[in-house]
Every structure is written in C-alpha cells, then in structure tokens.
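Only one structure is covered here, and it is reproduced in the block below.
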Amino acid sequence: MSLPAPLHHYSYAEYLALEEHSRARHEFVGGEIYAMAGGTPGHAGLAATLLRLLGNQLPAGCRAYTSDLRVRVAASDVTTYPDGTVICGKIVRAPEDPLAVTNPVLLVEVTSTSTETYDCGAKLEQYKLLPSVREVLIASHRTPQLTLHRRAADGSWTAAEAGPGGSVALESLGGRLAVDDVYRDGLDDA
C-alpha cells in the first residue's frame with residue numbers, strides 16, 4: 001500500500017520565511033514542514049546538563065551550541081534543531097541558509113515520549129549523512145542511559161550503550177561522560 005502524496009510541497013525558501021516570522025521552530029524534511037513540540041522541564045534540564053558537561057571538556061577550538069542552532073543536511077534536504085551541537089573549528093554555513101550549519105562534529109539528542117522513535121531512527125540516519133559528524137549521543141528520557149553512535153575510520157557506524165555506573169568515551173572531543181553525572185538530578189518528567 002502506498003501513502004498518499006503530500007498536499008503541499010514547500011520550497012526551502014518558504015520554510016525560511018516561516019522560520020523568520022514564527023515563534024515556534026520547525027523541521028524541514030524534503031519539502032514537508034513539521035512543528036517542533038515544546039520540551040518538558042525535565043527534557044530541558046537533561047539537555048542543559050549534557051551541554052554543561054560537554055562544555056567543561058571541550059578542547060580549544062570547539063564550541064557547544066544549544067537547540068537554537070539549525071543544522072542542515074543538504075544530502076537529504078533536511079534541516080533540524082538538535083538538542084545540542086558541537087562544532088570544532090570555523091562554522092560552515094549552509095549556502096542557502098546563513099543561520100544553519102553543516103559541519104557539526106558531535107550531535108546530541110534527548111529523547112521524549114513523542115520523539116524517541118524518530119530520534120533513534122530516521123533522524124539519526126539523517127545525521128549520519130553529514131560528513132563532519134563523528135559521533136551522535138542520544139540520552140534516554142525513560143532510564144539513565146546514554147547511547148553513543150560513532151563513525152569508524154572506514155565510514156561504518158558502531159553504537160555503545162552505558163547505564164548507571166557506566167560512561168561513554170567521546171573520541172571526537174577526547175572526553176568522557178559518566179551516566180551518573182548526566183542523570184544526577186533524576187529524570188523528572190523528561
């Protein structure tokens with residue numbers, strides 16, 4: 001069974017015009033525009049903790065960004081707002097969108113009930129299309145667990161999970177995140 005064709009296919013220029021005048025943020029996926037739901041206090045707290053812990057370990061020349069930064073995956077015509085982004089070196093902006101970057105080294109997502117399947121599936125696959133991305137870190141909202149997806153030298157991807165008492169090594173930054181530090185304040189309503 002095939003799905004019906006979308007009712008409207010938006011151009012990237014239409015998406016940018018919407019973003020410029022909207023209070024809400026939207027993702028652009030191949031001509032479709034999706035409103036992003038607001039996060040819970042628990043989700044926001046977990047994302048902030050991750051960015052703080054990452055920021056404390058960043059080598060010179062690297063900088064962490066909040067979910068206000070757009071990331072453009074031109075290869076699949078996707079633009080999104082990760083919960084966290086780390087860029088090392090000079091920012092490379094998308095030619096068609098001066099507010100979107102194309103060269104993150106590390107991307108961070110905190111799952112939620114409504115986004116978990118997307119974050120761990122289709123969105124993760126989009127991130128892997130960015131040549132600069134070396135790692136994608138996914139923090140669970142359900143249980144203290146970090147999943148780190150890493151690009152190997154041959155271009156293949158591996159995944160490592162860590163739970164309470166464990167940690168993940170961030171090779172892209174030369175750092176490490178302990179699960180207990182990330183979830184120290186609990187999950188609340190993440």
Cysteines in the chain that, by Cβ-Cβ distance, have no pairing candidate under 4.7 Å:
Cys120
Accessible surface, the range 1-135, averaged per residue in Å² (probe 1.4 Å):
53 Å²
How large is log10 I(q)/I(0) at q = 0.12, 0.13, 0.15 Å⁻¹ when the Debye formula is applied to the Cα atoms of the range 1-77, each weighted equally and without solvent?
-0.52, -0.60, -0.75
Approximate spin-label separation Ala152-Lys90, in nm, with each point projected 7 Å along Cα-to-Cβ
3.4 nm
In terms of the ratio Rg/(2.2 N^0.38 Å) built on C-alpha atoms, what value belongs to the range 99-190?
1.08
Want the number for Arg176 to Ser132: 0.36 nm per residue separation, take away the alpha-carbon distance, what's left?
13.8 nm
If we restrict to alpha carbons, what Rg and Dmax does the range 60-116 come to, in Å?
11.6, 36
Magnitude of the charge dipole, the range 74-190, Cβ model with Lys/Arg +1 and Asp/Glu -1, debye to 20
420 debye
Which GluC sites (Glu not before Pro) in the range 62-144 sit in a loop by DSSP (not H, G, I, E or B) and have at most 16 other Cβ atoms within 10 Å of their own Cβ?
Glu96
Take the Cβ-Cβ distance between Glu125 and Ala60 as r, set R0 to 35 Å, and report the resulting FRET efficiency rounded to the nearest 0.05.
0.65
If you wrap a convex hull around the C-alpha atoms of the range 143-190 and split its volume per residue, what is the figure in Å³?
79 Å³
Between Ala48, Val73, Gly38, whose Cα lies farthest towards the positive end of the dipole of the range 1-99 when Lys and Arg beta carbons carry +1 and Asp and Glu beta carbons carry -1, centred on the Cα centre?
Ala48
The chain - mean residue ellipticity at 222 nm from DSSP helices (-39,500 (n - 2.57) per run, n ≥ 4, rounded to 500)
-5500 deg cm²/dmol
Of the accessible area of the chain, computed with a 1.4 Å probe and all protein chains kept, carbon and sulfur make up a percent value of 55 percent
Convex hull volume of the range 1-147 per residue (C-alpha atoms, cubic angstrom):
128 Å³
Taking 7 Å along the Cα-to-C-beta vector as the label spot, tell me the Ala35-Ser22 distance in nanometres, rounded to one decimal.
0.9 nm
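The values are calculated or read from the model by the stated rules, or taken from the named source; none is laboratory data. Predicted, not measured: the structure shown is a model, and the values here were computed from it. No Cβ is skipped: glycine too gets one built from the backbone with ideal geometry, and neighbour counts run over all protein chains shown. Note: accessible area is taken over every heavy atom of the protein model, side chains too, but ligands, DNA and RNA are not part of it. Shrake-Rupley method; radii C 1.70, N 1.55, O 1.52, S 1.80 Å.
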